[in-house]
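The values are calculated or read from the model by the stated rules, or taken from the named source; none is laboratory data. Predicted, not measured: the structure shown is a model, and the values here were computed from it. As a convention, Cβ positions derive from the backbone with ideal geometry for all residues, glycine included, and neighbour counts pool all protein chains shown.
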């Protein structure tokens, strides 16, 4: 991708309404654009990063489930059936916005914040006997939640991307077994995203989903909005919300002896049991002819949220420092020259074509009339792992200047080298 022919716009200042580090840096670096509080457009650079995050998630989910894509518009009747229409405090509704539209269709819909209420009756149509179980389905989709304070950039939006997986089993034992499989897959995902070392399985409240405990995956983060109590020796943590005398007794935990630390939730898993099966009277016929309830689980990862959390985790005073596996490009190539006829430009073009032919992803800052300092500042802001600079000075030595984004050191590499 070339700067000169693609929509890449960096900024030096952003609106004071954008308070979070991730919101400021992603906006400055040209990854996102805020349309209103809690709603962002993902620009070309942002789409590349989000797609890489989601593809990593998708790769691991494909090993245990089937991907599908459900509608974001839900009939209100589904939420009335589960009795969540009055209890879930983040619900948006959708309806005609003006008189002609209402005259065309006066119905009201729920904009999906999650899909338990949709996926349960969907699966109910196909799962009739024990032979139809288990079933595991997932999707990666845009969700909508009426957050009270959407000021954390893309970490907490009113419109956001999420992977949600749903499991359907014959028994509680089978649900528990798959629950452990999902846990392991989450660990694999966070390891591949480059944040596994600082991510801890965390016991938490079941919230609106279940009366039992659920599990979160919390990434240690100075700017995190959660407080957890960390037991490093046993590699488990406890959300502050369950730091009560009742929970302490039930779990056999002395919270005062654990490390209190800030963290940010990047995934969660819920053992739903038969809550939704009960609501929809979702049964199956077992091998002995008896009618039994289906046992369900729900497993979420906020993919756009993870993008924001990673920026909060990996940045410096110059900009973003992307983990290589989700960076928008492998290389940020900078040519310092006045026009296309210069030898510098020709050599930069040759290197650009060569790297691309080898399957490498390259962002080439081929702009003219932009001083070197501005190009270097943009490179630091955008945060691609490797910066390559070709100039008249480097060409005189037959070299290219190479610098890793997470280092202050530079090295001179032969222009003929294959080791970039």
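Determine which single condition residue 415 fails, assuming it passes every other condition in (1) touching a strand residue (DSSP E or B) at 6+ places or on another chain (Cβ under 6 Å); (2) under 30 Å from residue 55 (Cα atoms); (3) modelled with pLDDT under 95.
(2)
Give just the number: which of (1) crowded, with 17+ Cβ neighbours inside 10 Å; (2) touching a strand residue (DSSP E or B) at 6+ places or on another chain (Cβ under 7 Å); (3) assigned to a loop (DSSP other than H, G, I, E, B) does residue 123 not satisfy?
Failed condition: (3).
Identify, from the list 268, 330, the residue that is in contact (Cβ under 8 Å) with a residue 12 or more places away in the chain, surrounded by fewer than 23 Cβ atoms within 10 Å (Cβ to Cβ) and more than 18 Å from residue 226 (Cα to Cα).
Only one candidate qualifies: 330.
Just to verify a result, which residue in region 252-277, among those that are in contact with a strand residue (DSSP E or B) (Cβ under 7 Å, 6 or more places away or on another chain) and not in a strand (DSSP E or B), is nearest to residue 235 (Cα to Cα)?
258
Out of the residues in region 190-211 meeting the condition of being over 13 Å from residue 268 (Cβ atoms) and either in a helix (DSSP H, G or I) or more than 21 Å from the chain's Cα centre (by Cα) (or both), tell me which one is modelled with the lowest pLDDT.
It comes out as 211.
Within region 284-293, can one find any residue that is free of Cβ contacts under 8 Å to residues at least 24 places away in the same chain, assigned to a strand (DSSP E or B) and touching a strand residue (DSSP E or B) at 6+ places or on another chain (Cβ under 9 Å)?
yes
Take region 407-420 and flag every residue that is assigned to a loop (DSSP other than H, G, I, E, B) and surrounded by 14 or more Cβ atoms within 10 Å (Cβ to Cβ).
Within region 407-420, 415, 420 qualify.
Tally time: how many residues in region 378-403 are under 12 Å from residue 333 (Cα atoms) and either in a strand (DSSP E or B) or assigned by TED's automatic domain parsing to the domain that holds residue 46 (or both)?
The qualifying residues number 9.
Does any residue of region 273-295 turn out to be farther than 30 Å from residue 124 by Cβ and either surrounded by fewer than 17 Cβ atoms within 10 Å (Cβ to Cβ) or in the same structural domain as residue 113 (by TED's automatic domain parsing) (or both)?
Taking region 273-295 first, the residues farther than 30 Å from residue 124 by Cβ are none.
Scanning region 273-295 turns up no residue that is farther than 30 Å from residue 124 by Cβ and either surrounded by fewer than 17 Cβ atoms within 10 Å (Cβ to Cβ) or in the same structural domain as residue 113 (by TED's automatic domain parsing) (or both).
Suppose the filter is assigned by TED's automatic domain parsing to the domain that holds residue 275, at pLDDT 95 or above and surrounded by fewer than 19 Cβ atoms within 10 Å (Cβ to Cβ); does residue 167 pass it?
Here the answer is no, as residue 167 does not meet what is asked.
Suppose the filter is surrounded by 17 or more Cβ atoms within 10 Å (Cβ to Cβ), touching a residue at least 40 places away in the same chain (Cβ under 8 Å), over 22 Å from residue 142 (Cα atoms) and not assigned by TED's automatic domain parsing to the domain that holds residue 221; does residue 321 pass it?
Judged against the criteria, residue 321 is a match.
Regarding region 16-30, can at least one residue be identified that is without any contact (Cβ under 8 Å) to a residue 60 or more places away in the chain, touching a helix residue (DSSP H, G or I) at 6+ places or on another chain (Cβ under 6 Å) and assigned by TED's automatic domain parsing to the domain that holds residue 192?
Checked against the condition, which is being without any contact (Cβ under 8 Å) to a residue 60 or more places away in the chain, touching a helix residue (DSSP H, G or I) at 6+ places or on another chain (Cβ under 6 Å) and assigned by TED's automatic domain parsing to the domain that holds residue 192, region 16-30 yields no hits at all.
Could you check, for region 27-36, whether at least one of its residues is within 12 Å of residue 304 (Cβ to Cβ) and in contact with a strand residue (DSSP E or B) (Cβ under 8 Å, 6 or more places away or on another chain)?
First, the residues of region 27-36 that are within 12 Å of residue 304 (Cβ to Cβ): 31-32.
When the remaining residues are screened for being in contact with a strand residue (DSSP E or B) (Cβ under 8 Å, 6 or more places away or on another chain), the result is 31-32.
Yes, some residue in region 27-36 is within 12 Å of residue 304 (Cβ to Cβ) and in contact with a strand residue (DSSP E or B) (Cβ under 8 Å, 6 or more places away or on another chain).
Quick one: is residue 387 in contact with a helix residue (DSSP H, G or I) (Cβ under 8 Å, 6 or more places away or on another chain) and closer than 30 Å to residue 195 by Cα?
So residue 387 fits the description; yes.
Has region 353-362 got any residue that is closer than 19 Å to residue 45 by Cβ, in contact (Cβ under 8 Å) with a residue 60 or more places away in the chain and assigned to a helix (DSSP H, G or I)?
Looking for residues that are closer than 19 Å to residue 45 by Cβ, in contact (Cβ under 8 Å) with a residue 60 or more places away in the chain and assigned to a helix (DSSP H, G or I), one finds at least one in region 353-362, hence yes.
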